[in-house]
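Here the structure comes first, spelled out in structure tokens, and everything after it is commentary.
Values quoted throughout were computed directly from the atomic coordinates according to the rules given, and no laboratory measurement underlies them. Note that the structure is predicted; figures quoted are calculated from it, not measured. Every residue, glycine among them, receives a Cβ derived from its backbone with ideal geometry; neighbour counts consider all protein chains shown.
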Amino acid sequence: MAGPSSDGISEKPSKENVDLEALVLQALAAPDRLEAIARDNGITSDQLRKWTEAYRDAGAERLRALQAREGRLSVAMFSTQAYDRADFERALAGSESLHFRFFRERLTAETVDLAQGFDAVCAFVNDRLDADVLEALAHRGVGAIALRCAGFNNLDLAAAQRLGLTVTRVPGYSPEAPAEHALALILALNRKLIRSHRRVAEGNFSLHGLLGFNLYGTTVGIVGTGRIGTALARILNGFGCRILAYDPEPNDACRDLGVRYVALDELLRAAKVVSLHCPLNSSTHYLINAEAIEKMPEGVMLINTGRGALVDTQAVIQGLKSGQIGYLGLDVYEQEEELFFEDRSFEIITDDVFQRLLTFPNVMITGHQGFFTRQALDAIAESVTTNLTQIARGQSPTDAIEAR
Ligand code: NAD
């Protein structure tokens, strides 16, 4: 079996070192199994450790080599919609460094071959960037991943780092866009705007069932006061709401607005409206579950524009059935990757949980459009192309995601 060549994996793998590369990738993906992998393949763990380290260094090396090569970067953009393409083409106009190819396909283990030969990929919220896909990307010569979103719950960061992949995201594009969408859901649910408009369109001017409540003076709980949560706090402050917040890292901008930071438990017990703006990770998965719902006041309004799996959808359905949840506004959904961003109006939707949600008169769902404003799209294209240009020039990208 051959070891890595002196310039590492930038060399086209020969038949012999493909096997070695697969072994090394296995060891990188599961470092605690390194000894077992070495044993199973009849080599010493020291040997495998040495090759693994060489390969990891070569990942970064490869990127540097790519950058050095004429300062150009070829980028495969996945999950591209027509509006994305138009924005990126505008942002790329005149760029000598970046060459984009646009793919409609979502990035998954089945479509990863499309990235063969590209230096970087540009991915969105429902592209799959788990350890298997990342290994496959690294194996196909990709050295950088530019996420065109703020959240990165769909990416295995530890695996990306083991593989020497550079990862960037768009942390601060127009946080007002999703914050204002959360507000739109709150107002539309509260004042029953869809039902009201339908009635008026049919000549029915009855107000029965349309009773709302003043936001002024209402206690609203914001879970996660980063960029978006803080933007929402500013807006709700203007409405005269009493704002409670929960965030392990409170900020002064919210405190200055008069936001009161409390424990999550207290927020859930006190708030008439709860809006979720924390990232999805192992500690926030199903943050709103049956137990949390039980703590909330009867008839609470729950708004989720964060990520679908922040709420346990089955528990929420039970809460809606019992009346514990009085209003539900969703812009994200646990299983959205199989549904959102495509016209499925001629298909039979087989997700019974999603279909059940749609039967409730007090539920409003939008298809992950919180980010979708003119200003945000421009800022996303600008930020992604800036970061990729920095990589192409051999500079550290401004918005690299580092492991904590
Ligand atoms: P951010 O990083 O600026 O803020 C996240 C905040 O959550 C931070 O203050 C952090 O301390 C806090 N946090 C972390 N763990 C927490 C926990 N367990 N409980 C409460 N708070 C916690 O991120 P952001 O730009 O405000 O975005 C927030 C999330 O919104 C993103 O991660 C993404 O999932 C989602 N998002 C959705 C859309 C959309 O179109 N619907 C658009 C952009 C972002």
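Across the options 153, 209, 364, the greatest Cα extent toward the positive end of the charge dipole of the chain (unit charges at beta carbon of Lys, Arg, Asp, Glu) belongs to 209. Given R0 = 45 Å, the distance between the Cβ atoms of residue 81 and residue 264 translates into a calculated FRET efficiency of 0.80.
Under the convention that each Lys and Arg Cβ holds +1 and each Asp and Glu Cβ holds -1, the size of the dipole of the chain around its Cα centre is about 1200 debye.
Annotation for region 71-139 versus region 253-315: alpha-carbon center distance of 34 Å. Among the DSSP helices (H) of the chain, those spanning at least 20 angstrom by Cα along their long axis with an average Kyte-Doolittle hydropathy of 0.0 or more are 15-29, 176-190, 374-392; this is a geometric and hydropathy rule only. Dividing the summed -39500 (n - 2.57) terms of all DSSP H runs of n ≥ 4 by the residue count of the chain sets its mean residue ellipticity at 222 nm at -12500 deg cm²/dmol.
According to the square roots a ≥ b ≥ c of the eigenvalues of the Cα gyration tensor, what is the shape class of region 227-327, taking rounded for a/c under 1.5, prolate for a/b larger than b/c otherwise, and oblate for the remainder? Judged from the Cα gyration tensor, region 227-327 comes out prolate (a/c at least 1.5, a/b above b/c). In whole percents, the pair-distance distribution calculated for region 176-365 from its alpha-carbon pairs, binned every 5 Å from zero, is 1, 8, 16, 20, 20, 16, 10, 5, 2, 1, 0. Protection proxy ranking of 258-267, 322-331, 203-212, by the mean of other Cβ atoms within 10 Å over each peptide's residues and highest first, is 322-331, 258-267, 203-212. Here is the size of region 252-404 from its Cα atoms: Rg then Dmax, 18.7, 58 Å. Across the alpha-carbon set of the chain, the Rg to Rh ratio works out to 1.03, Rh being the Kirkwood radius.
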